[in-house]
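Heads up: the structure comes next, in structure tokens.
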Amino acid sequence: MGRPQSQRFEFGGAATVKGLLGFEGGYVNLSAGMTFLGLAAEQGFGTNSVGTAWAPSVGLRIQLPRESEQMRLRQPHERESYSGAKPWADGEMMYVRTGGLDRVGFAAAVGLSYPLGEARSFWLGPFVRYFQIVQPNRAGYDNRDARTIIVGLSLETGTRIMRPPPPEPEKAPVLLAAAPAPRPDRDGDGVPDDVDACPDMPGPASNAGCPVYEKVIVKPDMLELREKIQFAWNQALIDPVSYPALDETAKALQDNKGFRVAIQGHASSEGADDHNQSLSNDRAEAVLEYIAHRGVARDRLVSKGFSSSRPIQSNETESGREANRRVEFVVHFIILKEGSAQ
């Protein structure tokens, strides 16, 4: 690169054999190598001798980690950016032998390596190396350093030392108790059939395994409406405001095909017993007809009036009498055979 070497020598050649040592997956490797440099004499120069240098070296290389052994054995390889190229850079100190002189030198290089083939056993790529031989002050010698640029290809191969894993300590035998037989859960909602109020329809455990509806609460022994069924005054005519609640009741019965429902009509103590009995019967029957028309089989429904014989609050107050005028849905279970249709 500089005088007097550039005046005395033309282009030449160089070769380096280098060994690298590092941890798998690491970014830093130790290096040790031997470099040979040969430069042809310039035409017309006073001597025709070839300039040579032999230089053992030690240094460090920084590079992107190569694949682990498991990755290298995985074939075919996944698609990689830049065809799997791995950049590297290194630096090294040298003990240089040129002719009869021993000198100190150093070198620095950058390169790019590409994997060859599926086995990834060889890597090939270009590099550029700066090589400088330090010239100490000596009488009768040109004391300028020799500086050289080397451009070439690097070919890498190697192996991995696989350390065997440490032996596992012997474990005492563990006696496992036999797992209890799983409890049947035919609707698969996580609530066993023996505690599931709706064993044929999935629902959360917080609702006894029954689906959650907006206007109906499904209990093990009854369907409880969140709102009261309204009728025309002193008649068995259902008020349209109660249609949504009865529609959802019919949906709950269609979802839970193992339910059979007794629809019970109740009255307050006002009026004659015969009139109250007839009115409670008719209102229970009206509700049965409404639900049957919504697709629930009639053989799953029965209706009955109880007049004022089963009050839930005192008939001495208006609010109590209002509460006693009601329709209830009492649930009885039908044992379904597997594969039967409802």
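The values are calculated or read from the model by the stated rules, or taken from the named source; none is laboratory data. It should be emphasised that the depicted structure is a prediction, and the values quoted were computed from it without experimental measurement. Positions of Cβ are backbone-derived with ideal geometry, glycine not excepted, and every protein chain shown enters the neighbour counts.
Tabulated data for the structure shown
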{"read-out": "Among residues of the range 51-70, those that are at pLDDT below 90 and either in a strand (DSSP E or B) or in contact with a Leu (Cβ under 7 Å, 6 or more places away or on another chain) (or both), counted", "value": "6"}
{"read-out": "So Leu153, is it part of a strand (DSSP E or B) and among the hydrophobic types (A, V, I, L, M, F, W, C)", "value": "yes"}
{"read-out": "From the options Gly320, Gly295, residue that is over 25 Å from Met201 (Cβ atoms) and either of a type outside the set (A, V, I, L, M) or touching a residue at least 12 places away in the same chain (Cβ under 8 Å) (or both)", "value": "Gly320"}
{"read-out": "Within the range 181-193, considering residues that are modelled with pLDDT of 80 or more and loosely packed, with under 10 Cβ neighbours inside 10 Å, the one nearest to Ile217 (Cα to Cα)", "value": "Pro182"}
{"read-out": "Those residues of the range 271-323 which are over 22 Å from Phe259 (Cα atoms) and either buried (at least 19 other Cβ atoms within 10 Å of the Cβ) or not assigned by TED's automatic domain parsing to the domain that holds Gly258 (or both), in sequence order", "value": "Asn276, Leu279, Ser280, Ser307, Ser308"}
{"read-out": "Meets criteria (part of a strand (DSSP E or B) and touching a helix residue (DSSP H, G or I) at 6+ places or on another chain (Cβ under 7 Å)) for Pro126", "value": "no"}
{"read-out": "Pair list, Cβ under 9 Å, 6 or more apart: the range 165-178 residue outside any loop (DSSP other than H, G, I, E, B), other residue surrounded by 10 or more Cβ atoms within 10 Å (Cβ to Cβ)", "value": "none"}
{"read-out": "Which numbered condition Asp187 misses (of (1) under 21 Å from Gly305 (Cβ atoms); (2) among the charged types (D, E, K, R); (3) not assigned by TED's automatic domain parsing to the domain that holds Ala323)", "value": "(1)"}
{"read-out": "Any chance Pro136 is without any contact (Cβ under 8 Å) to a residue 40 or more places away in the chain, in a loop (DSSP other than H, G, I, E, B), assigned by TED's automatic domain parsing to the domain that holds Gly105 and surrounded by fewer than 11 Cβ atoms within 10 Å (Cβ to Cβ)", "value": "yes"}
{"read-out": "Residue in the range 254-265 that is under 19 Å from Arg321 (Cβ atoms), touching a residue at least 24 places away in the same chain (Cβ under 8 Å) and in the same structural domain as Ser303 (by TED's automatic domain parsing) present", "value": "yes"}
{"read-out": "Which numbered condition Ile217 misses (of (1) more than 18 Å from Glu248 (Cα to Cα); (2) in the same structural domain as Glu248 (by TED's automatic domain parsing))", "value": "(1)"}
{"read-out": "Exclusive hit being small (Gly, Ala, Ser) and over 37 Å from the mean Cα position of the chain (by Cα), set Ala172, Ala236", "value": "Ala236"}
{"read-out": "Residue within the range 272-280 that is touching a helix residue (DSSP H, G or I) at 6+ places or on another chain (Cβ under 9 Å) and of a type outside the set (Phe, Trp, Tyr) present", "value": "no"}
